[in-house]
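Heads up: the structure comes next, in structure tokens.
The values are calculated or read from the model by the stated rules, or taken from the named source; none is laboratory data. Treat the numbers as computed from the prediction; the structure is a model and nothing was measured. Because the Cβ atoms are built from the backbone with ideal geometry, glycine has one as well, and the counts that use them run over all protein chains shown. These accessible areas exclude ligands, DNA and RNA; they are computed on the full protein's heavy atoms, side chains included. Shrake-Rupley method; radii C 1.70, N 1.55, O 1.52, S 1.80 Å.
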Amino acid sequence: MSRRAQQPIRDPLVSVVMPAYNERPTIEEIIRRVLAVPLRKELIVIDDCSTDGTRELLQQLQRELGFTLLLQPRNTGKGAALRAAFAQVRGDIAVVQDADLEYSPEEYPELIDLICSGRADVVYGSRFLGRHRVFLFVHYMGNRLLTLLANVLYNTMLTDMETCFKAMRVEVLRSMTLRSNRFGIEPELTAKIFKRGYRVYEIPITYDGRGYEDGKKVTWRDGLVAIWTLIKYRFTE
């Protein structure tokens, strides 16, 4: 199924969705950077029952800065947090922003440009096309293998399937029912986007990767889940 060009979006409302779990060292800086981006936007932050003081800091920042804050009653994972936030978006374009400092909100204008011009429905920010920290070979190889599997299963040419930096028309989100609770949300989104024939572009982004000592949470088990998710949604809905 191929999708036709959409009408350009002029002066879009950008819904920035930010899941957070135990990100106290970085959460204030990333929120202030998001809010400083010169776009019309709403910010929705979802705390996934943090235990390190992130939740309390977010409540303080919300009173000061006025963004939307959702508080999960228990820790259910990134996917569940994103699904809760996606249900609240009011904008024309949704952007996913992690609560650490790996991805740069200053690059939102480039991320949404092809959507605003009507050429794309979804844009992936590829860490392997742009400037990135030379870091964690095992994650690089795992991502390459997962991206290769996605390209084989869905007949596409992605370079970075597991990127968290995605922008899409809100209608794209509304067209699918997402089910993953944890990190399987990334391959599930990719699978359902390509199965529906949306026009996907990649652009180079800046990536400042972190290690486990800095709070990185993805493990090899999540890679196995991603493999299963890509295969499952290739043949089922």
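Data table
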{"read-out": "Residue 75-residue 7 FRET efficiency (beta carbon distance; Förster radius 25 Å; 0.05 resolution)", "value": "0.05"}
{"read-out": "Max mean-square fluctuation residue, GNM over the chain, Cα-Cα springs under 10 Å, options 190, 54, 26", "value": "26"}
{"read-out": "Two-site FRET efficiency, residue 208 against residue 234, from Cβ-Cβ distance with R₀ of 45 Å, rounded to 0.05", "value": "0.90"}
{"read-out": "Accessible surface, the range 35-160, averaged per residue in Å² (probe 1.4 Å)", "value": "46 Å²"}
{"read-out": "Accessible-area composition of the chain, carbon plus sulfur, in percent [1.4 Å probe]", "value": "54 percent"}
{"read-out": "Furthest towards positive pole of dipole, 68, 93, 139, structure part the range 61-152, Cβ charges", "value": "139"}
{"read-out": "Mean Cβ neighbour count within 10 Å, used as a protection proxy, ranking 9-16, 179-186 highest first", "value": "179-186, 9-16"}
{"read-out": "13 Å beta-carbon shell around residue 233, net charge (K/R +1, D/E -1)", "value": "+3"}
{"read-out": "Label-point separation, residue 171 to residue 63 (7 Å along Cα→Cβ), nm", "value": "4.2 nm"}
{"read-out": "Counted charge near residue 203, where neighbours are those whose Cβ lies closer than 15 Å (Asp, Glu -1; Lys, Arg +1)", "value": "-2"}
